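Here is the structure we will look at, set down as structure tokens.
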Amino acid sequence: QVQLLESGGGLVQAGGSLRLSCAASGRTVGSYAMGWFRQAPGKEREFVAGIDWNGSKTVYGDSAKGRFTISRDNAKNTVFLQMSSLKPEDTAVYYCAARSLWIVTNADDYHSWGQGTQVTVSS
């Protein structure tokens, strides 16, 4: 089982940028697809972005298209989410998750989750 730890969250003004990191330990993430999800209070967990095991394919949720970029460095066992043009509605706890090989957008299909990092965007 892989352990995941997110970092990089914080408070930012609308229009600003943040870079989230997800560091893996226990097992190499090289064979896992990685996803970023977010959950705002009172809302369901939402798929933000995913990247397959070798970085050849990325998928974005509608809220992330054109503003967020997911990437991975398998040598460093780390996945990133670069977020720009942030909006107050991006405020949520952001989670990274892992599953075998291929990207899916359903949170139930991911077997490993981090604890989450809070992102707050002020207007």
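The values are calculated or read from the model by the stated rules, or taken from the named source; none is laboratory data. None of these values were measured; they are calculated from a predicted model. Cβ: placed from backbone, ideal geometry, glycine included. Neighbour counts: every protein chain shown.
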Identify, by number, the condition in (1) exposed (fewer than 13 other Cβ atoms within 10 Å of the Cβ); (2) at negative phi; (3) small (Gly, Ala, Ser) that residue 33 doesn't meet.
-> (1)
Where in region 40-123 are there strands (runs of 3 or more DSSP E), lying fully within it, with 2 or more residues that are surrounded by 17 or more Cβ atoms within 10 Å (Cβ to Cβ) and in contact with a helix residue (DSSP H, G or I) (Cβ under 8 Å, 6 or more places away or on another chain)?
-> 78-83, 92-100, 117-122
What tally of residues in region 10-29 results from selecting those that are surrounded by fewer than 13 Cβ atoms within 10 Å (Cβ to Cβ), at negative phi and at pLDDT below 95?
-> 2
Exclusive hit being under 16 Å from residue 7 (Cβ atoms) and basic (Lys, Arg), set 19, 67 | 19
Can you tell me which of 71, 100 is under 11 Å from residue 19 (Cβ atoms) and in contact with a Ser or Thr (Cβ under 9 Å, 6 or more places away or on another chain)?
-> 71
